[in-house]
Amino acid sequence: MSVYFIEGGNPLYGDVEIHGAKNSALPILTATLIGTGKSVIHNCPDLTDIDAAIKILEYLGCSVEREGSTITVESDCISNYNVPDHLMREMRSSIVFLGAVIARCRKTRISFPGGCELGPRPIDLHLSALKKMGLVIEEDHGYLDCHVDGRLHGETIALSFPSVGATENIMLAASTAEGTTVITNAAREPEIVDLANYLNGCGAKITGAGESTIQIEGVGSLHGCEHRVIPDRIVAATFMSAVAVTGGSISLKQIDPVHLGALIPVFEEAGCRVSLHGSTLDIESTGRPKPIKMVRTMPYPGFPTDAQAPIMSMCAFADGTSVFVENIFENRFKHVDELVRLGASIKVEGRVAVVEGVRQLHSASVQATDLRGGAALVVAALGAKGTTEIDGLHHVDRGYERLEDSLNAIGAKVIRA
Ligand code: EPZ
């Protein structure tokens, strides 16, 4: 397994091309198996989670070709409807294959999904919604045997929590159901809107995506279409955190400023100068970050939980105390112990983390615990004194495309060995 050696203290200057959003490309690639014909998906990031989704599509019978960031999926013949355990376990978002396979094949056998250990990752909202739409689900030694007699039927589904994955699963399953499905308290993330736009391009009839109530009028079948995935707002936030700790000035290209609505004010409170020019965001660090009084993670359009860890690394250097409240996941502070090894002063009590900024972090050997926690360690190492070793890069590779190359191109000193 490779490791990073990051020499801290180098200011960052230059341009960063922000790649396509992992959490949008994954459900969209999953959705390509619902219709027949060819889908061409542009701006797909080169990530191990994308590799995992491609492996599942190919296992099910799709033919998949990748050329740069364009992935072409032919889904005329689905020759399998079960997703093997080892593929299900590779990532969290494999659970949305449930809705897609049922929409196409009306039956499947899957196991519970894998993904980051951020506390329990239940799928009760997914399963109860699909059962209400007519899916028969039998649990069998960790597997879910699912089938529907005929077609799923449209229902009104009130989500007790605006779950991103559950919203996606219901949209996928409802796209070819009999009748209309209405999701209330739906997730409003940009990735939901992107999935709806792709599905509508394939002949689905979805309205309200991005709002709390989404309506899906089931259609007989879907066809393929061409689509470009939105940029990754969390990768953008990660690079913004990096320059905030190293000093310098960078331009993020191909961003969507609307998706960064809850993030830009945080970097301005930290003392960064942020300016927007169309799909480019310029951010300049003006010295040591200022503390962020209160960061509360919320469903979109609130502060995104995925940006909590990288921004906590920025606050570790601040000239004051910042408070984080993690409202989305039960256990999303695993990166704190590793940041403390680098000299950070952070106290965790349940869902609250109090970060007392210190002027300087020092190098150490640390271990990535999950995807965004690993990104947080990279941010901290870029600002720390000395050379930090980071292990567990398989976590980082799930969500960041060749991170070392992008950082070195703007003045960082990152060796992957
Ligand atoms: C998606 O995960 C993202 N993953 C996560 O990004 C992101 O953090 C999360 O949404 C919130 O924005 C992908 O899109 C692949 P949820 P998901 O369902 O769908 C509870 C990253 O770093 N819940 O909105 O799993 C759940 O336990 C990843 O890129 C239930 O209780 O998130 C959690 O506490 C990490 N029952 C909360 O809801 C359910 O049936 C949010 O989960 C489903 C969820």
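Restricting attention to the chain, the count of lysine pairs at 8 or more positions apart or across chains with alpha carbons under 18 Å apart stands at 8. Placing R0 at 22 angstrom, the Cβ-Cβ distance between Glu17 and Ser275 gives a FRET efficiency of 0.75 after rounding to 0.05.
GNM on the chain, C-alpha springs below 10 Å: top fluctuator among His259, His141, His227? Of the options given, His141 has the highest mean-square fluctuation.
Can you work out ³J(HN,Hα) from phi for every residue in segment 280-295, in order, using Karplus 6.51 cos²θ - 1.76 cosθ + 1.60 and θ = phi - 60°, giving whole Hz and x for Gly and Pro? Residue by residue, segment 280-295 yields 10, 10, 9, 10, 10, 8, 10, x, 5, x, 8, x, 9, 3, 8, 10 Hz. Magnitude of the charge dipole for the chain, about its Cα centre and with charges confined to Cβ atoms of Lys, Arg (+1) and Asp, Glu (-1), is about 600 debye. Among Ser345, Ser39, Ser160, the residue with the largest mean-square fluctuation in a Gaussian network model of the chain, with springs joining Cα atoms closer than 10 Å, is Ser160.
Ignoring ligands, DNA and RNA, what percent of the accessible area of segment 22-228 is carbon or sulfur (1.4 Å)? Of all accessible area on segment 22-228, carbon and sulfur atoms account for 47 percent.
Think of segment 22-228 as a dipole: +1 on every Lys or Arg Cβ, -1 on every Asp or Glu Cβ, centred on the Cα centre; then among Ser69, Thr108, His86, Thr108 lies furthest on the positive end. When each of the peptides 92-104, 403-415 is scored by the mean number of other C-beta atoms lying within 10 Å of its residues, the order from highest to lowest reads 92-104, 403-415. When the residues Asp85, Asp232, Asp76 are ordered by accessible surface, computed with a 1.4 Å probe over the protein chains alone, the sequence from largest down reads Asp76, Asp85, Asp232. Think of the chain as having a plus end and a minus end, set by charges on the Cβ of Lys, Arg, Asp and Glu; of Val354, Val340, Asn197, Val354 sits farthest toward the positive end of this dipole. Net charge dipole, segment 104-246: roughly 200 debye, given to the nearest 20, about the Cα centre with Cβ charges of +1 for Lys and Arg and -1 for Asp and Glu.
Relative contact order of the chain, taken over Cα pairs closer than 8 Å and 6 or more residues apart, is 20 percent. Cα centroids of segment 370-417 and segment 258-286: 22 Å apart. What is the angle, in °, between the Cα long axis of helix 371-383 and the longest principal axis of the Cα atoms in the chain? Nearest 10 is fine, range 0 to 90. Once rounded, one gets 20 degrees.
The calculated FRET efficiency for His42 paired with His223, based on their beta-carbon distance and R0 = 22 Å, is about 0.80. Model label sites at Asp124 and Ile78, defined 7 Å from Cα along the beta-carbon direction, differ in position by 2.8 nm.
If the chain linking Asp319 and Tyr143 were pulled fully straight, counting 0.36 nm for each residue of separation and taking away their Cα-Cα distance, it would gain 58.3 nm. Around Gly150, with a cut-off of 9 angstrom between Cβ atoms, what is the net charge of the other residues, counting Lys and Arg +1 and Asp and Glu -1? That sum, taken over residues with Cβ under 9 Å, equals 0. For Ser345, the residues whose modelled amide H falls within less than 5 Å of its own, excluding neighbours fewer than 5 places apart on the same chain, are Glu356, Val358.
Over the residues of the chain, the helix contribution to mean residue ellipticity at 222 nm works out to -8500 deg cm²/dmol, using -39500 (n - 2.57) for each DSSP H run of at least 4.
For segment 22-228, the solvent-accessible area of protein heavy atoms averages 37 Å² per residue (probe radius 1.4 Å; ligands and nucleic acids excluded).
In order along segment 326-337, the Karplus-derived 3J(HN,Hα) couplings, from 6.51 cos²θ - 1.76 cosθ + 1.60 at θ = phi - 60°, round to 9, 8, 9, 10, 6, 9, 10, 10, 5, 6, 4, 4 Hz, and Gly and Pro are given as x.
Residue-wise HN-Hα couplings along segment 315-320, as the Karplus relation 6.51 cos²θ - 1.76 cosθ + 1.60 with θ = phi - 60° gives them from phi, are 5, 4, 9, 6, 8, x Hz; Gly and Pro carry x. Within the accessible area of segment 321-401, what % is carbon and sulfur when the probe is 1.4 Å and the other protein chains stay in place? Summing carbon and sulfur atoms, their accessible area is 46 percent of the total for segment 321-401.
The values are calculated or read from the model by the stated rules, or taken from the named source; none is laboratory data. Since the structure is predicted, the reported quantities are computational estimates derived from the model, not experimental observations. Neighbour counts are summed over all protein chains in view; Cβ atoms, including those assigned to glycine, are modelled from backbone coordinates with ideal geometry. Side chains included, ligands, DNA and RNA excluded: accessible areas come from the protein's heavy atoms. Shrake-Rupley method; radii C 1.70, N 1.55, O 1.52, S 1.80 Å.
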